[in-house]
Amino acid sequence: MHYGPWCYGSLFGIAIILLIISCKKAKTKRVFLLFFAVTGSLLFFDYLIYVWGEAYQYYPNIIRGKYDSKLGSYINAVIIASTATLYSVFQAGRLWSLGLAILYTMIEILFLRIGVYQHHWWKFWYTLILLFVFFPVIKGWWNRINYAHRSILSLLTLICCFYAIRIILAFFQYGLLEVRTFHVESIVRIGKESIALNSLILLPVSIFLSCLIFFRINKTWLLIGIVLSSIIDLGFKSLGMISARVPWDWMYYLAADCVSVLAVIYFAKMLKQEERLPFNR
């Protein structure tokens with residue numbers, strides 16, 4: 001019996017519960033703003049050490065093929081992000097940070113023992129130290145974005161939100177629906193060319209479109225930005241670096257950009273709201 005689906009499925013279920021609790025406690029939709037921002041930052045960190053650094057491997061055994069491990073990394077980001085959100089909303093202290101870091105380190109060790117996760121060069125004490133520092137940092141992030149909607153931190157928040165939403169939608173496109181593939185000889189050696197190239201394309205797109213939204217540039221430029229993103233995608237296809245398996249692949253790509261833009265516009269409006277949150281009274 002493979003424990004992967006149960007283990008990762010349980011983590012995802014717990015993440016949803018923690019997010020619901022955070023919403024009820026904070027009584028504000030800004031909880032989702034923080035959640036997606038933290039998810040985006042975690043996915044970028046994971047992109048660096050998992051895709052390029054080859055630090056570890058996930059074995060959720062939920063989907064067939066080479067993207068099963070990447071799905072595990074998304075679930076990992078979601079559970080950590082929802083926990084960090086809960087920690088921030090409840091304004092927990094260092095003792096809770098240490099307790100949560102120990103808890104997730106123990107879960108990591110358990111996953112190693114039952115074979116649903118594997119270290120390459122990563123060590124469990126890296127997780128312990130990083131999480132102990134991570135949770136208070138996110139709490140500070142949460143407290144600051146509630147009062148300064150025109151700060152650099154707010155811009156970073158929107159970029160992370162855009163990246164999280166866009167990269168997840170892209171994973172559905174190439175990882176679950178499998179309607180496109182990537183071919184780049186220089187990064188084929190790491191066996192994660194689809195993930196690597198996809199992020200290399202979407203990260204600058206996320207930054208560019210988020211900046212247009214944050215600085216309230218004319219909507220025409222926002223439309224131009226979306227069109228440019230599609231042109232870049234078509235350019236990679238013409239170079240043979242991206243292959244579409246269905247004729248509507250470009251429509252999905254365009255729709256994913258539009259959904260991400262609309263979501264971040266909503267989050268940007270949320271940041272403008274001058275409200276004093278219940279737990280900060």
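The values are calculated or read from the model by the stated rules, or taken from the named source; none is laboratory data. Remember, predicted model here, so these are calculated numbers, not experimental data. Because the Cβ atoms are built from the backbone with ideal geometry, glycine has one as well, and the counts that use them run over all protein chains shown.
Looking only at residues that are in contact with a Leu (Cβ under 8 Å, 6 or more places away or on another chain) and β-branched (Val, Ile, Thr) in the range 239-265, which one is farthest from Leu223 (Cα to Cα)?
Once the filter is applied, the top-ranked residue is Ile242.
Please verify whether Ile159 is of a type in the set (A, V, I, L, M), at pLDDT 90 or above and within 19 Å of Ser69 (Cβ to Cβ), treating the condition exactly as stated.
no
Using the structure shown, decide if Ser82 is touching a Gly at 6+ places or on another chain (Cβ under 9 Å) and either farther than 23 Å from Leu177 by Cβ or surrounded by 23 or more Cβ atoms within 10 Å (Cβ to Cβ) (or both).
It is false that Ser82 is touching a Gly at 6+ places or on another chain (Cβ under 9 Å) and either farther than 23 Å from Leu177 by Cβ or surrounded by 23 or more Cβ atoms within 10 Å (Cβ to Cβ) (or both).
Could you grab me the full set of residues in the range 132-157 that are assigned to a helix (DSSP H, G or I) and farther than 17 Å from Thr28 by Cβ?
Phe132, Val133, Phe134, Phe135, Pro136, Val137, Gly140, Ile152, Leu153, Leu155, Leu156
Could you say whether any residue in the range 99-114 is of a type in the set (D, E, K, R) and without any contact (Cβ under 8 Å) to a residue 12 or more places away in the chain? Before you say what the answer is, go through the steps one by one.
Just the residues of the range 99-114 that are of a type in the set (D, E, K, R), to begin with: 108, 113.
If we keep only those that are without any contact (Cβ under 8 Å) to a residue 12 or more places away in the chain too, we end up with 113.
Yes - at least one qualifying residue is present in the range 99-114.
Can you pull out the residues in the range 109-122 that are closer than 18 Å to Tyr50 by Cβ and surrounded by fewer than 12 Cβ atoms within 10 Å (Cβ to Cβ)?
Scanning the range 109-122 gives His120, Trp121.
Just checking, how many residues over the range 211-249 are among the charged types (D, E, K, R), surrounded by 12 or more Cβ atoms within 10 Å (Cβ to Cβ) and over 26 Å from Cys160 (Cβ atoms)?
Residues that pass the stated criteria total 2.
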